[in-house]
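Enquirer: Here it is, the structure in full.
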Amino acid sequence: MKTTIDIPDDLYRQIKAEAALRGLTIRELTTRLYRRWLTEGEDGETREAPKAWLHSWLDAADEAIREAPAGGSAREELAADRNRPEVE
């Protein structure tokens, strides 16, 4: 997709020179910067990609289930307790 952006002349010259020194086109540099911007947070810390985050969360949930004590779930235990007759 093509787009047009307005960049100050002096900034564009600096960007073009630096890109050339690195062997990049302006398009390649811009694409890299946009991709980096999408994967980093506002404070510059790298964020986990959504799919990677979801997989790590699901892995943690699977591990928690494996390590849970044997027996019914908390919901099943509460339901059984509600159905238990009260003894005085």
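The values are calculated or read from the model by the stated rules, or taken from the named source; none is laboratory data. Since the model is a prediction, treat every value here as computed from it, not as a measurement. Here the Cβ positions follow ideal geometry from the backbone for every residue, glycine too, while neighbour counts run over all protein chains shown.
Enquirer: Count, please, the residues in region 45-65 that happen to be part of a helix (DSSP H, G or I), of a type outside the set (A, V, I, L, M, F, W, C) and either surrounded by 10 or more Cβ atoms within 10 Å (Cβ to Cβ) or modelled with pLDDT of 85 or more (or both).
Expert: 5
Enquirer: Still on this structure, I have one more. Please indicate, with yes or no, whether at least one residue in region 71-82 is assigned to a helix (DSSP H, G or I), surrounded by 10 or more Cβ atoms within 10 Å (Cβ to Cβ), at pLDDT below 90 and not aliphatic (A, V, I, L, M). Even if it seems obvious, please write down each step before you answer.
Expert: Applying the first criterion (assigned to a helix (DSSP H, G or I)) to region 71-82 yields 74-82.
With surrounded by 10 or more Cβ atoms within 10 Å (Cβ to Cβ) added as a condition, the list becomes 76-80.
Narrowing the set further to residues that are at pLDDT below 90 leaves 76-80.
From the residues that got through so far, the ones that are not aliphatic (A, V, I, L, M) too are 76-77.
Yes, region 71-82 has at least one match.
Enquirer: May I pose another question? In region 1-44, what count of residues is obtained for those that are basic (Lys, Arg) and part of a loop (DSSP other than H, G, I, E, B)?
Expert: Looking only at that region, the number is 2.
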